[in-house]
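One structure is given here, and the rest of the page talks about it.
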Amino acid sequence: RGVRLYHDLRDINGPLITAVHALFLALGGTDEHRFRSLDLAVTAASFFITGMLASGLSARRPWQERLLWGVATMVTLLVQYLRYLPWDLAQRESFANWFMLPGIALLLAPRRGKVAHGISAALLTAACFAKPTYALFVIVQGAVVLLPSEDGKGALSRKARVLAFVSGAAICAALAALTIMAFGDVRAFVRMYTVESRELYGFIWPHTMREVY
């Protein structure tokens, strides 16, 4: 109805969260059970894909074994639905984890090429537009990409890995910026992400690192 994100609607989250809500509302309407069912389905799929990708870390496995790793990972990570309280399950960081976990696991899979590095960077960058703290994953993963070239025939050079990673991150960031310009207030978004979110979360979570762990 013409409401501008971050100007008329004061959301402390990035545009990825708004996009997820818009998609789920379009698919399931305003019924909360449908919304949570979609949430569970996408979460399970993300965990399954993460497990399949990460299973290639130590050795190349047959596809049947990788499927089992995907199922095992999905079951293990979905224990949160038995462990967490409703308030915990309502936290929207889980939307960002759909992108962050496969983004990291993608580079653990064998035969990592330029496409894998680019998609990994795009997924990790997308998570940053849910919560600003996810930028830490981009920084760490970028540092990994800068490591010396891998041994083995056909391994990508460091220059090729960096170029693919930067390209994937840039494309995703550009799409997010266009989304903000189309549906929101860019200036208000920058202030919210750099100033207001830090002040808000600093007030909500006055815990020591030991308490957090």
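Among helices (runs of 4 or more DSSP H) lying entirely in the range 1-95, which contain 2 or more residues that are of a type outside the set (A, V, I, L, M) and in contact (Cβ under 8 Å) with a residue 60 or more places away in the chain? Walk me through it before giving the result.
On the way: elements: 15-28, 32-54, 63-77, 80-83, 86-89.
Helices (runs of 4 or more DSSP H) meeting the threshold: 15-28.
For every residue, the table says whether it meets (1) farther than 18 Å from G56 by Cβ; (2) in contact with a Pro (Cβ under 8 Å, 6 or more places away or on another chain); (3) surrounded by 18 or more Cβ atoms within 10 Å (Cβ to Cβ).
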| residue | (1), (2), (3) |
| --- | --- |
| T76 | no, no, no |
| Y81 | yes, no, no |
| L85 | yes, no, no |
| L89 | yes, no, no |
| W98 | yes, no, yes |
| G103 | no, no, yes |
| L108 | no, no, no |
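From the list A130, A188, A160, A173, the lone residue that is surrounded by 11 or more Cβ atoms within 10 Å (Cβ to Cβ), part of a helix (DSSP H, G or I), in contact with a helix residue (DSSP H, G or I) (Cβ under 9 Å, 6 or more places away or on another chain) and at pLDDT 90 or above is A173.
Filtering P62, P132, P86 for residues that are out of contact with any Gly (no Cβ under 8 Å at 6 or more places or on another chain), within 29 Å of I204 (Cβ to Cβ) and of a type outside the set (S, T, N, Q) leaves a single hit, P86.
Conditions (1) within 30 Å of Y193 (Cα to Cα); (2) open to solvent by less than 60 Å² (accessible area, probe 1.4 Å); (3) of a type outside the set (A, V, I, L, M, F, W, C), marked per residue:
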{"position": "G14", "(1), (2), (3)": "yes, yes, yes"}
{"position": "S55", "(1), (2), (3)": "no, yes, yes"}
{"position": "P62", "(1), (2), (3)": "no, no, yes"}
{"position": "F95", "(1), (2), (3)": "yes, yes, no"}
{"position": "S120", "(1), (2), (3)": "yes, yes, yes"}
{"position": "L123", "(1), (2), (3)": "yes, yes, no"}
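Every condition in (1) within 9 Å of the chain's Cα centre (by Cα); (2) closer than 15 Å to L163 by Cα is met by V115 except one, and the failing one is (1).
Which of the residues spanning the range 16-40 are farther than 24 Å from V186 by Cα, open to solvent by less than 60 Å² (accessible area, probe 1.4 Å) and of a type in the set (G, A, S)? Those that are farther than 24 Å from V186 by Cα, open to solvent by less than 60 Å² (accessible area, probe 1.4 Å) and of a type in the set (G, A, S): G28, G29, S37.
The values are calculated or read from the model by the stated rules, or taken from the named source; none is laboratory data. Owing to the predicted nature of the structure, the values given are computational and were not obtained by experimental measurement. With ideal geometry, Cβ positions are generated from the backbone for all residues, glycine too; neighbour counts draw on all protein chains shown. Just so you know, the surface numbers come from the protein's heavy atoms only, side chains and all, with ligands and any DNA or RNA stripped out. Shrake-Rupley method; radii C 1.70, N 1.55, O 1.52, S 1.80 Å.
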